[in-house]
1. Please go through region 114-136 and give me each residue that is more than 18 Å from residue 86 (Cα to Cα) and open to solvent by less than 10 Å² (accessible area, probe 1.4 Å), ordered by number.
2. Do the conditions hold for residue 645, that is, is it surrounded by fewer than 18 Cβ atoms within 10 Å (Cβ to Cβ), over 32 Å from the mean Cα position of the chain (by Cα), under 29 Å from residue 461 (Cβ atoms) and at pLDDT 95 or above?
3. Do any strands (runs of 3 or more DSSP E) entirely within region 522-610 hold 1 or more residues that are over 30 Å from residue 318 (Cα atoms), touching a His at 6+ places or on another chain (Cβ under 8 Å) and at pLDDT 95 or above, and if so, which?
4. Of all residues in region 440-475, which are on the phi > 0 side of the Ramachandran plot and either open to solvent by less than 40 Å² (accessible area, probe 1.4 Å) or without any contact (Cβ under 8 Å) to a residue 24 or more places away in the chain (or both)?
5. So which residues in region 211-258 are assigned to a helix (DSSP H, G or I) and modelled with pLDDT of 80 or more?
6. Can you tell which of 378, 399, 416 is over 23 Å from the mean Cα position of the chain (by Cα), more than 22 Å from residue 478 (Cβ to Cβ) and not aromatic (Phe, Trp, Tyr)?
7. Identify the single condition in (1) closer than 23 Å to residue 442 by Cβ; (2) crowded, with 18+ Cβ neighbours inside 10 Å that residue 376 does not satisfy, given that it satisfies every other one.
8. Just to be sure, is residue 347 open to solvent by 10 Å² or more (accessible area, probe 1.4 Å) and hydrophobic (A, V, I, L, M, F, W, C)?
Amino acid sequence: MTALTKLRSTMTKLVKQAEAKAREVKRQVASARADGFDATRPARVALHADAPGPINADLATVRATSAPITAARLAVAKTKVPDPDGLQRFLEGADRVYQEELGRPLLGDDTDVSGVGTFGALHVNEGWSLEQVRAAVRQSDEWRAKHPGEDAGPGPAGGRSRNLLTGEELAATAQAVKYLYREVLERNPDVSGLSHYSASLLNQRLDVDGLRDALRASDEYRQLHGQGPVEPGPVDPNPPPAPTRTGRVRLEGNSFADDQGKFNALGATYMSALWQYQNDRPRLEQTLAEMKKNGVDYIRVLGTVGDYARPDYWDGREIDWRKPEYQDSIKGLTDLAYDKYGLRVEWTLIGDGQKNIPNEADRFRLMDTFLDMSRGREQKILHFEVANEAWQNGFAGDEGVDQLRRLTRYLNERTEVLVAASAPDGYEQADVEKLYGGGVADLATFHFDRDVSKADGHWRPVRQPWEWQFTGGQNGVPRVATNNEPIGPGASVASENDPKKLVAAALVSYLSGLPGYVYHTRAGVRGDEDFASQAGFTAFSAMKQYVPADLASWTPKNAHWADSPFKVYARDDRGALIADRMWPDLPGGTGAVRSYAAVKGNEFFVLPMGVKDRVTLEARRNVEFDVIDPMSGQVVATRRLSAGEKFDLSGDELFVLKGRYA
């Protein structure tokens, strides 16, 4: 069977399956309602509950692959859709291909689930591009009927499949999402909802009861049924006192510094804060108060986002820079966050720039708007970032990079506020130099790799910032960077829900010479989930008790370097000690994933992490130090060792050793 014949056969089969699925879902929903189910009442089952009854029989086929979640299940669940955001962008592009080639949409009011399943699975499994979709569409009978006499061109080239999911799985799941949207919200899903919730079901992060509950907990559902939005708790009548940190933020060594000296900055993604300032002030203030209470120093906020003309992920929460009240809003949010809650702002000026501000002249006008806002407010802003992930937000290709560099230089030359361009599109030195070379910015913002598929698993993203020290300061690249959008709860590509790994990621950032770490969560994107529900939200505050304020400016030392405080040993599968090795290097080994350190004079700060069973360390010099629980800040042991003495750490995965050479 040729690839084209196989593709046509698959699409035909998917159409039939989707139609059958639609009939089954309609039957089940009707049965549930006949049994007393009322979509306007609160859900009768909790998220991921497994109670019996007709409501739990809905969409049984999908539910069979999305069983209730437990911590153990999360650890072994196969990720069928590793990048839900990437799938969303691909489907949006495929929709444009359908409209250009077939004169009809793939998505929208009559979503073609067979096309979503077929092409979505090819994208996930083989990395299909939009040009491959176009080539495949042009081989269809529908295209030939609409383009008589035109040359269809060659068919799409295939690729090696990762076999993560089948087109049938994705089509059936998309159909389930489509009918739950119709049942609960009385509309078809937008592309963001379709891709996000399909991925959540396939990745076993949500079951069908949980999806129904999530839709019925939305403001849209409540407004549809005349209930109004959920009101947040009362605003704290006694907010924190005036900010304890004052003065314009500057760079000293690798550290942020202000009037009170050097500091390690803990940020939090809060992309929708400006929309909430304009539309939901009580929720905004409640969140800011909770952030301040839990040790957050600054919030990362988008200046523009969303498509003002077409449906997308940001529907109902777009931030429109053209509105007359816009400048007052960015001033007001900056003042509120700092004056009342002691939080500075990292303003990321452009999100979805290809949709809402595609014109270069308008982009320069936006720079001027923020320059005007910042005058007299310099101490309230941690730094500017021109664009979020610029390569996919309106600055694609070499021309886009050149324009971004011009905007960055323009902004940087006109303000004393620190300025970054965007996260580079890649992790290699050449990728960073292409964007940041030549000194266009004061600092870089970096989105480190979230790949968890290697031997060290979820510890791998934690250790990625260590490599920045070998990139920063080269060929005009800023010496300083921030860990601006790391793996976190609900993050795209891969998520992290272990508070210890989240805290470890912040500590590794500071140890690596990065003075800023942003706690990145799904709640921090659209802002329609509570931060307090996110894993690790309360885990960071203890760090300020034991982390030196200038740690980012200390000298980093890796465990195998001769001048690091401790030599680190792993054990092989026979229990033999092997110096300067980590357990991922040894099949069946135990020890640590990494043990990073930093030194200033006679002081040292060491972070053995990812400890499996136990790790053995040997003092290279005479030392005295405390063993600190990084989650509580409590000292759990005090040791004094002579050079050459060994000791073991066990009973936990993460430790801090803070001390001095004796």
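1. Listed by number, the residues that qualify are 114, 136.
2. In short, no.
3. Output list reads 566-571.
4. Of everything in region 440-475, those that are on the phi > 0 side of the Ramachandran plot and either open to solvent by less than 40 Å² (accessible area, probe 1.4 Å) or without any contact (Cβ under 8 Å) to a residue 24 or more places away in the chain (or both) turn out to be 457, 473.
5. Those that are assigned to a helix (DSSP H, G or I) and modelled with pLDDT of 80 or more: 211, 212, 213, 215, 216.
6. From the options 378, 399, 416, the qualifying one is 399.
7. Residue 376 satisfies all of (1) closer than 23 Å to residue 442 by Cβ; (2) crowded, with 18+ Cβ neighbours inside 10 Å except (2).
8. No; evaluated as a whole, the condition is false for this residue.
The values are calculated or read from the model by the stated rules, or taken from the named source; none is laboratory data. Keep in mind that this is a model prediction, so the values were computed, not measured. Every residue, glycine among them, receives a Cβ derived from its backbone with ideal geometry; neighbour counts consider all protein chains shown. Quick note on the areas: whole protein, heavy atoms, side chains included, nothing else; ligands and nucleic acids left out. Shrake-Rupley method; radii C 1.70, N 1.55, O 1.52, S 1.80 Å.
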